[in-house]
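Below: the structure, in structure tokens.
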Amino acid sequence: MENKIWFFGDSFTYGDGCVENSPPNGEYYKIKPHGVLWREGVADHFKMGEVNRSIGGASNDWIINSLIDELLNIQPNDIVVVGITWPERFQIIDKKNNEHRNVIAHHFTEPRETSTLVLDHKDRKYNEELFELLNMFFIEYRVQHGPLLKKYQWNQALKILKKLEQSNVKFLLWDLKVLWNYETIDDVIGNGDRHWSWKGHNDWMLKCIDLLENNQTELVEHYE
Amino acid sequence: MNEIYRKIKEWFYRRNRKKIYKKKIEELNKRDNFTYKH
């Protein structure tokens, strides 16, 4: 059976800007549709089947929960790459369809009438009040305690990965430290999108391969 | 909910949170890459 390489993370793992329809009608992808996403390049290098469990706007709650959801499917000699995101984001369950949703700053800038984050579909006033309270929770607790949350989330992921390592699973846990080291879409077309360009993907792919081949398991910058 | 909500709103205005939140959310939204032109 072919071994797999698993990727967990946010838009930087998913490849926003270099993936068709993410974002919808993305300007950069229209101009430059050809290239290799870093996660695909890493999977090719190790000749492993790629499993992508990342999504734009992911929270660390969601990323760690996705890793837990796959624990029983990860096999000896697989590789797991986990990209930790900004710590204030959090996961909720949509009451209407029981889907997991990630709450991020963007939700608090959308007009309420068209917001994609609906907390209660049946009672509009209650929904608005709850939304305001979530905004407070987001700023007063999540943002305020970002560094503390980040360390906690990092250690949670690390413990799971170290347990997997005992079953001969190689891993890399990385965080936002590397984001601005590589070329962005904004650098190429100046549209303000700071996700990685194809060159950024290529350079991070090479770094990622180097870290995995040298058995480096963590790439982190804990901020205070 | 009403009573709790009222008390929290009072606190929110007493602490002048409106402007602080707006600024912080804008800052995070920019960092999160959600402000660029698609």
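The values are calculated or read from the model by the stated rules, or taken from the named source; none is laboratory data. Just so you know, these numbers come straight off a predicted model, no measurement behind them. Virtual Cβ from ideal backbone geometry, glycine too; neighbours counted across all protein chains shown.
Within region B:19-34, residues that are within 7 Å of another protein chain (Cβ to nearest Cβ) and under 13 Å from residue A:140 (Cα atoms) sit with their Cβ atoms under 6 Å from residues that are assigned to a helix (DSSP H, G or I) and at pLDDT below 90, at 6+ positions apart or across chains, in these pairs: B:25/A:108. Comparison of A:67, A:149, A:119, A:72 shows that the only residue that is over 21 Å from residue B:32 (Cα atoms) and touching a residue at least 40 places away in the same chain (Cβ under 8 Å) is A:67. Whether any residue in region A:193-209 is part of a helix (DSSP H, G or I), within 14 Å of chain B (Cβ to nearest Cβ) and buried (at least 17 other Cβ atoms within 10 Å of the Cβ) is what I want to check. Yes, the conditions are met somewhere in region A:193-209. Name the residue that is surrounded by the most Cβ atoms within 10 Å (Cβ to Cβ), counting only residues in region B:27-38 that are at pLDDT below 90 and assigned to a helix (DSSP H, G or I). If we take residues in region B:27-38 being at pLDDT below 90 and assigned to a helix (DSSP H, G or I), then B:29 is surrounded by the most Cβ atoms within 10 Å (Cβ to Cβ). The set of residues in region A:134-163 that are farther than 24 Å from residue A:117 by Cβ and either within 14 Å of chain B (Cβ to nearest Cβ) or among the small types (Gly, Ala, Ser) (or both) contains only A:157. Scanning region B:1-28 for residues that are in contact with an Asp or Glu (Cβ under 8 Å, 6 or more places away or on another chain) and among the hydroxyl-bearing types (Ser, Thr, Tyr) yields one hit, B:5.
From the list A:67, A:72, the one residue that fits, being within 24 Å of residue A:3 (Cα to Cα), in contact with a Leu (Cβ under 9 Å, 6 or more places away or on another chain), away from chain B (no Cβ under 14 Å) and not in a loop (DSSP other than H, G, I, E, B), is A:67.
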